[in-house]
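Working notes for the structure below.
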Amino acid sequence: MNGFPLLAVANAPTLTLGAVDLLIIVTYFLVVIAIGVYLKKFTNTGEDFFLAGRKMTAWIAGISFISANLSSLETMGWSAMAYQYGMLGAHAYLIGAIPAILFLAVVMMPFYYICKTHSVPGYLKLRYGEGARSIAGVSFSFMTVMVSGASMFAMAKILNLLLGWDIHVSIWVSSITVAIYVALGGLLSAVFNEVLQFFLIWFGSLLIPILGIIHAGGWNKMMQTIQQNVKIIHPTVQNADFTSLWRNLGSFDANPMGIDWFGMVFGLGLAVSFGYWCTDFLQVQRVIVAKNLRAAQNGTIIGAVLKMCVPLIVTIPGLLGLAVLLNPDGSPMVLVPESDPRARITNHTFNDVLPLLMGQYLGPGLLGLGVTAMIAGFMSGMAGNVSAFATVWTYDVYKPLIKKDGNDEHYLHVGRWTSIIGVVISIAAAYILLWFSNILEFLQVLVFFFIVPLFGTVILGMLWKRATPAGGFWGFLTAIIFSIGMWVFVHSFPEGYRPQPKVQFDKGAVVSVERQNGNNGKITRVIVESGKVDIVNVPITNAVQVAAGKKTELTLTNEVVLPPSVVQKNSTVPVQILAPEVVDAQAKTNTAFGVENVPVVLKSGVNVVYSDIEMKFAPAAFNPQHAKYIARSEKAKPMAINMYSGFWSLVVCVVVTVVVSLFTKPKPEAELKNLVMGLTEIPDEGPCPWYENPKLWAAVVLAVLVLVNIIFW
Amino acid sequence: MSTGEHHEMIPIWFFIGCLIAFYGILIMGAGIYEIFNPPVKKVALWHLHAGIWWGAIMILFGLFYIIKFKPKK
């Protein structure tokens with residue numbers, strides 16, 4: 001940057017809605033409540049409420065299966081990933097999903113279906129006993145309401161940033177709506193809304209890639225523009241190839257994620273993907289409720305096909321962000337991570353890429369549909385979690401541990417109330433996140449690491465009859481602890497972590513800006529005439545002496561000049577200067593700017609809050625010296641570290657389960673009937689026409705997957 | 001989807017058809033209105049009038065679902 005002003009992001013909302021847009025949003029809320037009220041009369045038993053009566057057709061099960069995963073956190077998050085990592089972001093929808101979904105359909109579904117479990121923890125109880133089920137049941141209940149709260153928090157925050165809506169109103173209106181329709185209709189309501197949301201998301205999002213590619217001058221032109229623009233947008237990885245799926249995975253340097261093919265195949269493709277798609281109950285619950293085994297299997301395969309289409313509305317918009325989002329002067333717009341101090345002050349963030357494109361292309365009505373799709377995605381994410389929470393709590397915690405002898409009506413009643421309580425806890429979680437927003441980051445990672453050990457435990461239980469209850473319990477628990485340990489390790493800095501030095505001016509500070517060559521030139525010096533300034537890790541020893549890790553506040557009695565850069569651990573780091581809302585001393589008007597590497601003069605009388613920050617543990621930063629032991633490279637980016645961590649966690653789970661099982665007593669074979677391969681007879685569902693054969697369609701989908709990977713190699 | 005014990009459930013596809021068709025009408029209407037009253041601040045590629053043809057696609061899609069999955073009396 002070196003003195004050039006950064007893009008100024010106005011504090012005003014990114015999107016402005018008109019009357020038609022609002023009508024579309026209000027209609028959506030009324031329709032989902034009406035559907036909940038309508039479905040209440042169809043939920044008379046526990047099976048109706050928790051498993052939608054096990055009556056779903058393959059199409060509904062498949063759409064719901066994929067839709068439960070297509071929340072707005074997902075669409076916005078993975079568009080941001082594509083902006084950050086280029087084409088590699090599409091792997092989450094290809095090798096990072098399809099093989100696992102097909103494996104679920106062909107290999108695992110018969111076991112889930114035949115043992116008639118209510119949940120994945122329920123399977124653990126049957127296979128390993130109460131210990132493994134209790135860990136899974138309690139942690140899953142906790143995770144679902146926290147994720148539901150996170151979804152609500154994210155929605156409220158995004159609607160506030162994009163549209164200027166009040167955070168509290170967003171949280172309460174959406175939660176009450178979800179509470180009404182889930183408490184009334186249970187899983188049936190959640191599934192109905194997921195199917196509805198699926199269509200809204202596609203109609204609300206598909207126009208963006210269509211118009212964007214036209215705007216970029218076609219696919220090839222878009223790819224050329226991306227490779228030119230990333231030199232400016234992502235200068236630290238400017239030589240990386242952003243436009244390939246595999247060609248750039250030969251070394252850690254050649255791609256923007258800092259990963260190699262091994263991490264992509266075994267970390268994402270095996271551990272994370274199989275964990276998520278085969279054992280995350282929220283997903284599995286969607287298909288085990290199908291009307292018969294064949295519908296469950298075909299529904300899952302339909303889900304795989306739909307999943308492969310999602311990059312059209314997620315990855316392509318992320319890539320378009322690198323090509324068509326421009327500043328008024330025609331230069332590429334630079335978006336930054338949420339953790340960047342410039343985020344939402346001078347620059348939009350990676351997560352804004354989809355909303356920015358919406359604002360760029362969608363006119364009246366279309367914008368309302370896009371925002372409705374976003375709200376629908378958040379609400380159905382919340383509803384999915386709440387209905388899964390109600391099921392797991394009622395069947396895996398309440399029934400075995402609190403009241404074993406209740407009748408069906410009693411558990412139905414408990415389920416309805418648990419849904420409402422789940423929403424209330426989610427609201428509490430949303431407020432916790434509102435006050436401690438960094439928790440969101442930890443939470444997502446913890447969920448990420450919980451499901452991989454769960455997959456290791458479940459798959460060994462299904463495929464290996466020698467796996468013992470003790471093996472399952474200890475393998476599962478050790479792998480969870482190991483996952484958390486790895487996470488702590490990569491965020492630990494034994495020698496101390498110092499955030500980038502920063503000077504931020506409070507609202508209303510009066511500032512003069514000196515530039516080269518007149519008004520629009522490079523900023524050469526900033527002078528603060530009056531007001532308040534926050535200074536982090538920039539030495540001002542002439543004025544104040546502060547011990548490391550301390551904070552002090554003072555009013556300057558003489559002029560102080562802050563250096564443009566400081567030396568930290570033998571390297572020179574530029575000082576970041578952020579002015580989100582200050583008063584220009586000459587023009588007497590409000591202005592905003594961000595700049596690096598220029599001196600700042602603080603006049604006498606300026607109030608200074610000075611902090612010297614050094615941390616041993618920094619959740620927002622990764623220690624490359626530690627990351628290289630997990631992700632095999634110091635260049636590994638967060639996503640690469642997550643993938644490798646998933647892989648190691650699976651390895652630990654499998655090794656511990658196998659070793660402990662070899663030294664402990666297995667269950668008798670009679671008790672493993674219908675739970676383990678080789679001891680389970682797959683029921684004959686009668687003659688199957690070729691077009692309903694799950695194995696045939698799984699093979700076709702696999703072939704298409706290979707073809708897509710070759711085309712975009 | 002199948003039925004409850006005493007009631008015939010309206011298929012989800014019917015609800016989807018109604019909602020998408022309604023949204024299509026609103027979006028196409030807003031697009032046509034914009035032709036006669038062009039906004040001061042136009043979106044990119046405004047000249048393609050995406051609202052009109054996208055709205056029309058939504059109406060056709062919605063009508064197909066409404067007709068095909070109309071509840072039986």
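The values are calculated or read from the model by the stated rules, or taken from the named source; none is laboratory data. These numbers were taken from a predicted model, which means no experiment stands behind them. Don't worry about glycine lacking a Cβ; one is built from the backbone with ideal geometry, like all the others, and counts go over all protein chains shown.
Brief remarks follow.
- Any hit, the range A:659-679, residues being closer than 30 Å to A:Gly269 by Cβ and in contact with a Phe, Trp or Tyr (Cβ under 7 Å, 6 or more places away or on another chain): yes
- Scope the range A:601-648; condition hydroxyl-bearing (Ser, Thr, Tyr) and either under 25 Å from A:Gln568 (Cα atoms) or touching a Pro at 6+ places or on another chain (Cβ under 6 Å) (or both); matching residues: A:Tyr610, A:Ser611, A:Tyr629, A:Ser633
- Residue under evaluation A:Gln516, criteria (1) touching a Lys or Arg at 6+ places or on another chain (Cβ under 6 Å); (2) at pLDDT 85 or above; (3) farther than 30 Å from A:Asn674 by Cα, criterion not met: (2)
- Condition met for A:Ile158 (within 14 Å of chain B (Cβ to nearest Cβ) and either under 25 Å from A:Ile316 (Cα atoms) or at pLDDT 90 or above (or both)): no
- Residues satisfying the stated conditions in the range A:326-357, i.e. under 30 Å from B:Ile25 (Cα atoms) and either more than 13 Å from chain B (Cβ to nearest Cβ) or modelled with pLDDT of 90 or more (or both): A:Asp352, A:Val353, A:Leu354, A:Pro355, A:Leu357
- Qualifying residues in the range A:33-53 (those that are at pLDDT 80 or above and at the interface with chain B (Cβ under 10 Å from one of its Cβ atoms)) - the one surrounded by the fewest Cβ atoms within 10 Å (Cβ to Cβ): A:Ala34
- Some residue of the range B:39-51 being more than 7 Å from every other protein chain (Cβ to nearest Cβ) and at positive phi: yes
- The set of residues in the range A:324-355 that are buried (at least 19 other Cβ atoms within 10 Å of the Cβ) and among the acidic types (Asp, Glu) contains only A:Asp352.
- Filtering the range A:325-340 to residues that are of a type in the set (Val, Ile, Thr) and either touching a residue at least 60 places away in the same chain (Cβ under 8 Å) or in contact with a helix residue (DSSP H, G or I) (Cβ under 6 Å, 6 or more places away or on another chain) (or both) leaves only A:Val334.
- Pick from the range A:54-94, criterion assigned to a loop (DSSP other than H, G, I, E, B) and at the interface with another protein chain (Cβ under 10 Å from one of its Cβ atoms), ranking: nearest to A:Gly303 (Cα to Cα): A:Thr57
- For the range A:358-369, taking the residues that are within 18 Å of A:Asn160 (Cβ to Cβ) and of a type in the set (Gly, Ala, Ser), the one that is modelled with the lowest pLDDT is identified as A:Gly359.
- Selection from the range B:28-49 of residues that are within 14 Å of A:Leu362 (Cα to Cα) and hydrophobic (A, V, I, L, M, F, W, C): B:Met28, B:Ala30, B:Val43, B:Ala44, B:Leu45, B:Trp46, B:Leu48
- Residues of the range A:104-142 that are among the polar types (S, T, N, Q) and not in a loop (DSSP other than H, G, I, E, B): A:Ser134, A:Ser139, A:Ser141.
- Counting only strands (runs of 3 or more DSSP E) that fall entirely inside the range A:575-673 and contain at least 3 residues that are within 26 Å of A:Asn558 (Cα to Cα) and touching a strand residue (DSSP E or B) at 6+ places or on another chain (Cβ under 9 Å), the qualifying elements are A:576-584, A:590-596, A:600-602, A:607-611.
Each row is one residue, and each column tells you yes or no for (1) assigned by TED's automatic domain parsing to the domain that holds A:Ile35; (2) hydrophobic (A, V, I, L, M, F, W, C); (3) at pLDDT 85 or above; (4) touching a Leu at 6+ places or on another chain (Cβ under 6 Å).
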site	(1), (2), (3), (4)
A:Ala183	yes, yes, no, no
A:Leu200	yes, yes, yes, no
A:Leu206	yes, yes, yes, no
A:Ile210	yes, yes, yes, no
A:Gly217	yes, no, yes, no
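- Among all positions in the range A:193-215, there is at least one residue which is under 30 Å from A:Gly46 (Cβ atoms), of a type in the set (D, E, K, R) and in contact with a Ser or Thr (Cβ under 8 Å, 6 or more places away or on another chain).
- Any hit, the range A:17-31, residues being more than 26 Å from A:Gly164 (Cβ to Cβ), surrounded by fewer than 24 Cβ atoms within 10 Å (Cβ to Cβ) and not acidic (Asp, Glu): no
- Meets criteria (in a loop (DSSP other than H, G, I, E, B), free of Cβ contacts under 8 Å to residues at least 60 places away in the same chain, small (Gly, Ala, Ser) and assigned by TED's automatic domain parsing to the domain that holds A:Leu88) for A:Gly686: yes
- Only residues that are at the interface with another protein chain (Cβ under 9 Å from one of its Cβ atoms) and farther than 20 Å from A:Val195 by Cβ were counted across the range A:359-393, and they come to 10.
- So A:Pro13, is it surrounded by 17 or more Cβ atoms within 10 Å (Cβ to Cβ), modelled with pLDDT under 75 and over 24 Å from A:Ser419 (Cα atoms): no
- Checking A:Gly365, A:Gly321 one by one, the residue that is buried (at least 20 other Cβ atoms within 10 Å of the Cβ), under 30 Å from B:Val40 (Cβ atoms), small (Gly, Ala, Ser) and under 22 Å from the mean Cα position of the chain (by Cα) is A:Gly321 and no other.
- Just one of the listed residues (A:Val334, A:Val287) is in the same structural domain as A:Ile60 (by TED's automatic domain parsing), within 14 Å of A:Ile66 (Cβ to Cβ) and more than 18 Å from the chain's Cα centre (by Cα), and it is A:Val287.
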